[in-house]
Amino acid sequence: MSTPTSATASAWLERLRSGGIRVTNALSLLAIFIIIALVFSVLSPYFLTVDNFINIGRTLPVIGIIAIGETLVLIAGGVDLSVGSVAALSGVVTGLLWERAGLPIGLAALAGVSSGALVGLINGLLVTRLRINALISTLATFSIVRGLAFVLTNAQMNQLTDPRFLFLGRGDILGVPVPFILMSLLYVVFIFVLRRTPFGRDLYAIGGNPMAARLAGIASRRNLLVVFVVSGILAGFGGLVQASQLAAGARQAAVGLEFTVIAAVVLGGTSLAGGKGTLVGTFFGVIILRTLDNGLILTNVSSYYQIFARGAVLILAVGFDQLRTRWAERR
């Protein structure tokens, strides 16, 4: 029979072990980033310039913001393939309501994000109430929402030229791109949520062992519904940032973005099996992928090879995830 002292010691050992794994993962990702940066700094003299890093800081937040929601969903044992379509829909809705309906840009933008929340709610209900597999349900909404964006625009581009809206994606504060500042603030908030709140701990429990979580009295279905809504909101907000950068709500925006997001999240150490992952890792994963894209562009690598590289990174990310899972099972 275990004593309170031994139980406490075991808990501390588990905390130290998990903390050590997080640090090791972060250091590994940092090493990968440094290697990529060194390679491209040799291949392109422009890579290590301030202007280029500002450019990276302006372009990566769209993926970075959406990756926060995807991380939460994956930790809880789900997956959301609809985020790219939701991002496009958010921009389209905002453009339609501002340019054609004449709504103030603030209300139009709020409606855009709300459309993301609605899709997230639908995803959550399909998974938690109808018990449809998350992969299947979000793959369905991925197609439906993308089709809806095409129908709403009627093959026309909706301009978004309000200066206040453009500041969201193109502005800077003291030389730092506004999108990067917003993304960083969101990471701080959600890192706190995951590490320091009962809701965050519940997500790990739900993804790690759904049956045990239910027996422990955790409201698994409610929490899973919430993370899908949060994912939809963040995808909608990411879509706003992209629409601001494009100065338009484009139906073809964010095509394939969902796979880049998942690759970044998995590369950052979040398990596709659920129950494991950190937002710090996701942050590094996003930076690595965007730096890789940036370096390939600067070195004039063909766009076809860039697509190939993204696919290869996704395979490697999933492969590393499988190796991590097997290694953990053997311990």
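The values are calculated or read from the model by the stated rules, or taken from the named source; none is laboratory data. Bear in mind that the values here come from a model prediction, so they are computed numbers and not experimental data. Every residue, glycine as well, gets a Cβ built from its backbone with ideal geometry; the counts of neighbours run over all protein chains shown.
Only residues that are crowded, with 17+ Cβ neighbours inside 10 Å and charged (D, E, K, R): list them for the range 27-62, please. Matches in the range 27-62: R58 only. Only one of (1) under 30 Å from F192 (Cα atoms); (2) surrounded by fewer than 22 Cβ atoms within 10 Å (Cβ to Cβ) fails for A312. Which number is that? A312 satisfies every listed condition except (1).
Restrict the check to the range 270-279 and report whether at least one residue is of a type in the set (S, T, Y), under 30 Å from N209 (Cα atoms) and more than 13 Å from the chain's Cα centre (by Cα). Yes, the range 270-279 has at least one match.
Those helices (runs of 4 or more DSSP H) of the range 124-233 in which 2 or more residues are free of Cβ contacts under 8 Å to residues at least 12 places away in the same chain occupy 134-153, 178-196, 198-208, 210-215.
For T260, indicate whether it is of a type in the set (V, I, T) and not in a helix (DSSP H, G or I). No; evaluated as a whole, the condition is false for this residue.
Screening V227 with (1) within 26 Å of G319 (Cβ to Cβ); (2) at pLDDT 95 or above; (3) surrounded by fewer than 24 Cβ atoms within 10 Å (Cβ to Cβ); (4) of a type in the set (A, V, I, L, M) gives one miss only, at (3).
Among the residues making up the range 200-219, those that are among the charged types (D, E, K, R) and either within 23 Å of the chain's Cα centre (by Cα) or closer than 14 Å to L74 by Cα (or both) are R201, D202. Considering the range 186-199, and only residues there that are over 14 Å from the mean Cα position of the chain (by Cα) and not β-branched (V, I, T), the residue that is nearest to T282 (Cα to Cα) turns out to be L194.
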